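Here the structure is laid out as structure tokens; the discussion comes afterwards.
Please treat every number below as a calculation from the coordinates, not as lab data. Remember, predicted model here, so these are calculated numbers, not experimental data. No Cβ is skipped: glycine too gets one built from the backbone with ideal geometry, and neighbour counts run over all protein chains shown.
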Amino acid sequence: MRKPIPILLALLATAIVSLTVVQLAPGRTLRSSATKTIQVKAGEFFFRLSTKTIARTGKVTFVLKNVGHVKHDFKINHKATPLTAPGKTAKLVVTFKKKGKYPYLCTVPGHAAAGMKGFVTVR
């Protein structure tokens, strides 16, 4: 009589390998649903983003760090951080549904005109 244990072990090993291949395969839902984080430094009168290009649509978290001496905010895709005091940080989660160029700026009067603006590209 054959023992069922080796067959069960073989089926279990096959299932584990299959799940691992699905998780590691590029372009799958698991990979594309991850939230991307972009670091944003704000000062007088600039923004420095860790990247200005996003590889795909979806959720992006912008982490604003005010390294300047006055309050700043960061607005993109119709959403904005609160005014952020010098030395403080704020987070903004934005969902990009379409590819394209998205303008960003500081909404404090005169700051965008002084250079606190730019574009993020979603590919």
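Side notes on the structure shown:
- Taking a Cβ cut-off of under 10 Å around P103, the surrounding Lys, Arg, Asp and Glu residues balance to a net charge of +3, with basic ones at +1 and acidic ones at -1.
- In this rough spin-label picture, where each label sits 7 Å from Cα along the Cβ direction, the L49-T89 distance is 1.9 nm.
- Couplings for the stretch 47-52, taken from phi via the Karplus curve 6.51 cos²θ - 1.76 cosθ + 1.60 with θ = phi - 60°, read 10, 10, 9, 5, 7, 10 Hz in order; Gly and Pro are left as x.
- Charging the Cβ of each Asp and Glu at -1 and of each Lys and Arg at +1, and nothing else, the dipole of the stretch 35-122 about its Cα centre rounds to 460 debye.
- Working note: Debye formula, equal point scatterers on the alpha-carbon atoms of the stretch 35-122, no solvent; log10 I(q)/I(0) at q = 0.24 Å⁻¹ is -1.20.
- In this rough spin-label picture, where each label sits 7 Å from Cα along the Cβ direction, the A114-K97 distance is 3.6 nm.
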